[in-house]
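Down below is the structure, laid out as structure tokens.
The values are calculated or read from the model by the stated rules, or taken from the named source; none is laboratory data. Note that the structure is predicted; figures quoted are calculated from it, not measured. Here the Cβ positions follow ideal geometry from the backbone for every residue, glycine too, while neighbour counts run over all protein chains shown. For the accessible areas, the whole protein counts, side chains as well, though only heavy atoms, and no ligand, DNA or RNA atoms are used. Shrake-Rupley method; radii C 1.70, N 1.55, O 1.52, S 1.80 Å.
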Amino acid sequence: MYPAAFDYHAPGTIKEALDLLGKHKDDAKLLAGGHSLIPMMKLRLAQPKHLIDLRKVPGLSGIKQDGNMLAIGAMTTHWEVESSSVVKSKLAVLSEVAALIGDPAVRNRGTVGGSIAHADPAADYPAAMIALGAEMVCEGAKGRRTVKVDDWFKGLMATAVGEDEILVEVRVPVLPASTGAAYMKFPHPASRFAVVGVAAAVTLDGKGACSKASIGVTGAGTKAVRAKGVEAGCTGKKLDAAAIEAAAQKAADGVDVQADLQGSVEYKSHLCRVFAKRALTEAVKRAGG
Amino acid sequence: MATVAAERLFGKSIKRREDPRFITGRGQYVDDLKIPGMTYAAFVRSPHAHAKIRKIDTAAATRHPGVVAVFTGKDMTGVNSLPCGWDLRKEKKIPGVIQDLAIVPHMPLTSDAARHVGDPVAIVIADSHEAAVDAAEKVQVDWEPLAAVTITEKAAASGAPKLHEGAPGNVAFKWEIGDRAATDAAFKTAGAVTVKKRIVNQRLVANAMEPRACVARYDDATGELTLWVTSQNPHVHRLLMCAFVLGIPEHKVRVIAPDVGGGFGSKIFLYNEEVVCSWASRKLKRPVRWTASRSEAYLTDAHGRDHVTDAEIALARDGKILGLRVKTTANLGAYLSTFAPAVPTFLYGTLLNGVYAIPAIHCEVTGVFSNTTAVDAYRGAGRPEACYVVERIVEAGARAAGMDVADLRKKNFIPKFSGAFQTQVAVVYDSGDYGAAWDRMLQMLDYRKFRAEQEAARKQGRLLGIGFSAYIEACSIAPSKLVGALGAGAGLYESGKVRVHPTGMVTVFTGSHSHGQGHETTFAQIVADKLGIPIEQVDIVHGDTGSVAFGMGTYGSRSASVGGTAILMSLNKVIEKGKKIAAHLLEAAPKDIDFLGGQFQVKGAPGKAVPFGVVSLTAYVPHNYPEGLEPGLEETSFYDPSNFCFPFGAHACIVEVDRDTGNVRILRYLAVDDVGNVINPMIVDGMVHGGIAQGVGQALCEGAVYDGQSGQLVTGSMMDYALPKADMLPMYETDRTVTPTPVNPMGVKGAGETGTIAATPAVVNAVVDALAPLGVDHIEEMPMTAQRVWKIIQGAKAR
Amino acid sequence: MKLPVKMTINGQSYSHEVEPRLLLVHYIRETVGLTGTHVGCDTSQCGACTILMNGQAVKACNFFAVQADGANIMTIEGLAKDGELHPIQQGFWEKHGLQCGFCTPGMIMSAYQMLERYPKPSEELIRHQLEGNLCRCTGYHNIVKAIEWAAEHMPAKK
């Protein structure tokens, strides 16, 4: 498999990268880990004329704690997230999500920023980012701006990043006290993408009732979405099995479920409910409920 | 000089001698080959399932920098259709033919119409692979899209789009086996329990890990063409290509199948690409290399299975099987692949007797053409389809009769025999002790204990199930005379040449081909034992028509039993000749010489002996030599077996179904196989494991799916076609019983396909059993993806 | 436009001018001539092309050679030292962890990283870590055994 020819650029600074992006516009594609883009180029489904490789741009990689946020550089790999001690201690669920992406070799190269900017509808991170309330930091010629996750995923492989911008960092709040989070996924048997994946973060109050629930659903629709119905069904309730079951019934509401070989609309909607229930159950358990 | 071996190797799990090159990255596969002046080919393929070709414009592609040539089918004048190597016509007196095989043309590059997505219409040859691929995009084909049919049951329906002028109604053939009247009578037996089920055996893609590839090099100076190709049978490739398609002299063509990365049937057949590259290399007088991308492999490697069957079983009140009636539609795809007509007929119908004493069987098969990739042999080839039908309908029958599935089987096994058991479907089994393998499996399983555990699990709402299969397999299909009478265009013997060098070192040339089977080890075990020399002094050569006399190749689990026996015959000839030489040296009569422990010795006089190495040296330095005996020590044999061999065994699978998602998880997998005597148990176990994984794959996740509207292959990549991965399989619990075959002197049967044949019904039966508490008594279709199982659960709940 | 690349493969340094679209696996196989790394698919599922790049297992088919400029690469050919098989290679041989041998280089390179990260893996972990490597011959049983064998025979880390 041979991709169509292109020009390759490996800028040394973010400014150079932005200049190249500004110059070549639609003809250019940013290259991070390449694990979504390169397969499409090999099949000639994508034929960018310019590839702008971000690997030499300093400061785009690494994980650090910044107050109550984990700041994850866009070029940080899934394996770095999976194996990071700070992620494991402050936001273990994110490490667990990373460990379910693709396979070990993919995790070594695939990046957080690449995944979130590519916004594959079956990617794992988006559900978690929604549940955890992440923010995306984009840099453009005029400087940086932060986009809340709820404003990020715009549609099929479409996000809020401007065409002259680069996603440089993902900021994820560490779990507050009395909060549990979990991600549960039904993997595609071949690609291991999520047929359906649900991430849940649940905060319990002093009495053991849910004071906040945050649920993200990926895989089923054209983009990852927040399951507002489930959240509403959880909030204020003591989340026993029956309450979780009841709340999870809304998991597919608002998801534009797409039928394919792996599932009809009916089946995928059902999986949304099943995995919402499983993720909630585990999250509540982890929250100490 | 040859030395004496320390131990007998037959039956020992010695490590494979081919492995060092593979584990260090020094295997030599076709795509590893680089030849000076080499060009690279890319094929232009149909994006449509069915379309007329109005015009092909190659001008822009030809002008593309680096392009050497662009050819279409019209350029290939004098080139014939790819042959079909199996006939099914009444005039040839092929038994069972109801409607003659429609032998339709299959041109290497189609120029009238494309009949499946991926059908090649042009080849672009360039100095680099990149240029070839880029230029291929510039070939302009003016298509006239036509309606397409991909679905097996619709292919021959009235109004279906017609694929070939010579095949009205898209019917390729109609064929039958067994006794229709006796079977109809059996179903009318008073009090009989009868069950009829629709059983679908879906379409599969072999997915050998190495994609197909070829390098063709024409030497203008000598007029010789060398073709390196991913083949399981290089001599067959050469014969078909030379005699049937290109019309070039066979002795001027050398076909080499070097290390080949798996075949599973898919590399038996002569394919368009290797023919076109060979032709183009002769035309351009330059080497041409082509390697399939995986996407091309999905579209063009012959697919496997694709049967839709109505099966009926009749049982007496006591559970004895009275009769079996089978009606199958087999989808052959768009063209007749090399052995396509044999698979759903003589490799299928003849196995429907299973391991049971069934008094009456009838089977009718209709082969149909459709706008899909051609279907041919895939690991098991016909036999898995037969076993699947028998083992599914037997369980359905047991359920209907209210009998335990294990008890019903045991009641119906053919009793232990050796020599001959005449089935109701023509073939004669060689030897069998089906009850012994079955009992061993039940013992390993602790069946009653499992049923108790299952009962407890069901009370907790868990869906735990067990499934069995008691299978029979037919391998080393022979003799040639018989297969010829059944329609084969080839013989099914094998050649083995043993060359003893002057120092007593041995090179063996076999017509079998190893693409994972480990012949360099197992065949050497046979040789070392027979000659009493260390295995290090034996080399096995295969896969090269330039050095191997002739060969039918490796498929149908035939290498040990047919290829191995041919070698053994040559070894016997070597020893006989050696005895004459030794007798002369020892001043004794040849009849008084024994060959023992690597020495020729005078009977009853162990002190009077001469080592093998001395005899071999004498054969090449014949100073002191028997009068009239030819010098040299090299023997060739062709072995044509007197019958098939019939391995058998008993498999069991325990699954748990996730009630919420429908996901199936395998908890245990047990296999007791009987493949006769075993040369290398480690290698046989390995093949059983791999076979099981492929069988499980068919049951749970694999399936080639075409879009019914567009005719596009939906599962055209490894992202979409789910191959079994390590984390969905358990450690297999395996054991063996040993019932040697009387057919060949080593008593070996064949092990390459057993697991694949047995596993699929065992897994599906287990899922049916798991869902039984919900009222499920049958599952029609595979693979049992989570969605499919979930829908079945929903359907059962709704009832 | 061709670009210069320089990298170390199995301890040897290589420099070439390459088209940016040249995949790393083709660079290794065709340009450098190390054909032990195989291509089994075009969607990065099969793992036959797995190599180690700067110590990490990556699929060389999913990578442009230009991205590997300056990298330190090890392929299957670089694993045995002075003719001595690596314990993973030995394990695959001892436990019959291969049949046709095509997936084997990738399997071994994946196992190499696995055992670096998890020196004493459970069967379950081995199976999960092999998610990115397909084998059509062995049914994985003996590959698991081979990796277990290797884990037992790996020299203690200094």
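Here are the numbers:
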quantity	calculated
Residue that is open to solvent by less than 20 Å² (accessible area, probe 1.4 Å), in contact with a Phe, Trp or Tyr (Cβ under 8 Å, 6 or more places away or on another chain), outside any strand (DSSP E or B) and more than 11 Å from chain B (Cβ to nearest Cβ), where the choices are C:Val5, C:Val66	C:Val66
Enumeration of residues in region A:188-205 that are open to solvent by 20 Å² or more (accessible area, probe 1.4 Å), at the interface with chain B (Cβ under 10 Å from one of its Cβ atoms) and either small (Gly, Ala, Ser) or in a strand (DSSP E or B) (or both)	none
Flag if B:Pro36 is away from every other protein chain (no Cβ under 14 Å), open to solvent by 60 Å² or more (accessible area, probe 1.4 Å) and part of a loop (DSSP other than H, G, I, E, B)	no
Matching residues in region A:231-260 - criterion: being surrounded by 18 or more Cβ atoms within 10 Å (Cβ to Cβ) and part of a loop (DSSP other than H, G, I, E, B)	A:Leu239, A:Lys250, A:Ala251, A:Ala252, A:Val255, A:Val257
Every residue from region A:249-283 that is more than 11 Å from every other protein chain (Cβ to nearest Cβ) and touching a helix residue (DSSP H, G or I) at 6+ places or on another chain (Cβ under 7 Å)	A:Gln249, A:Lys250, A:Ala251, A:Ala252, A:Asp253, A:Gly254, A:Val255, A:Val257, A:Ala276, A:Leu280, A:Thr281
Elements of type helices (runs of 4 or more DSSP H) contained in region B:120-189, each with 3 or more residues being open to solvent by 40 Å² or more (accessible area, probe 1.4 Å)	B:180-187
Test for C:Ser44: is it outside the structural domain of C:Tyr140 (by TED's automatic domain parsing), open to solvent by 20 Å² or more (accessible area, probe 1.4 Å) and not in a helix (DSSP H, G or I)	no
From the options B:Ala213, B:Ala243, B:Ala257, residue that is of a type in the set (A, V, I, L, M, F, W, C) and surrounded by fewer than 20 Cβ atoms within 10 Å (Cβ to Cβ)	B:Ala243
Test set (1) open to solvent by 30 Å² or more (accessible area, probe 1.4 Å); (2) assigned to a strand (DSSP E or B) - B:His48 fails condition number	(2)
Some residue of region A:34-46 being more than 13 Å from chain C (Cβ to nearest Cβ) and farther than 18 Å from A:Val161 by Cα	no
Subset of region B:21-33 [out of contact with any strand residue (DSSP E or B) (no Cβ under 7 Å at 6 or more places or on another chain) and surrounded by fewer than 19 Cβ atoms within 10 Å (Cβ to Cβ)]	B:Arg21, B:Arg26
Residues of region C:86-104 classified as under 15 Å from the mean Cα position of the chain (by Cα), part of a loop (DSSP other than H, G, I, E, B) and facing chain B (nearest Cβ under 7 Å), total	4
Residue match in region B:715-736 (condition: open to solvent by 20 Å² or more (accessible area, probe 1.4 Å), assigned to a loop (DSSP other than H, G, I, E, B), of a type in the set (Ser, Thr, Tyr) and over 26 Å from B:Pro211 (Cα atoms))	no
B:Thr521, sole failed condition from (1) within 14 Å of chain C (Cβ to nearest Cβ); (2) among the polar types (S, T, N, Q); (3) out of contact with any Lys or Arg (no Cβ under 9 Å at 6 or more places or on another chain)	(3)
Qualifying residue in region C:114-137 (condition: of a type in the set (Ser, Thr, Tyr), open to solvent by 10 Å² or more (accessible area, probe 1.4 Å) and in a helix (DSSP H, G or I))	no
Residue match in region A:220-227 (condition: under 23 Å from A:Lys90 (Cα atoms), out of contact with any Ser or Thr (no Cβ under 7 Å at 6 or more places or on another chain) and open to solvent by less than 70 Å² (accessible area, probe 1.4 Å))	yes
Flag if B:Val768 is within 14 Å of another protein chain (Cβ to nearest Cβ), in contact (Cβ under 8 Å) with a residue 12 or more places away in the chain and not in a loop (DSSP other than H, G, I, E, B)	no
Conditions (1) assigned to a strand (DSSP E or B); (2) closer than 16 Å to A:Arg286 by Cα: number failed by A:Arg171	(2)
Residues satisfying the stated conditions in region A:98-136, i.e. in contact (Cβ under 8 Å) with a residue 12 or more places away in the chain, closer than 24 Å to C:Met109 by Cα and not in a loop (DSSP other than H, G, I, E, B)	A:Ala98, A:Ala99, A:Pro104, A:Val106, A:Arg107, A:Asn108, A:Arg109, A:Thr111
Filtered residue count, region B:507-529, keeping only those that are without any contact (Cβ under 8 Å) to a residue 60 or more places away in the chain and either farther than 15 Å from B:Ser637 by Cβ or surrounded by fewer than 21 Cβ atoms within 10 Å (Cβ to Cβ) (or both)	2
Only one of B:Glu781, B:Glu753, B:Glu702 that is more than 10 Å from chain C (Cβ to nearest Cβ) and farther than 30 Å from B:Val675 by Cβ	B:Glu781
Total residues in region C:11-53, condition more than 10 Å from chain B (Cβ to nearest Cβ) and either free of Cβ contacts under 8 Å to residues at least 12 places away in the same chain or not acidic (Asp, Glu) (or both)	20
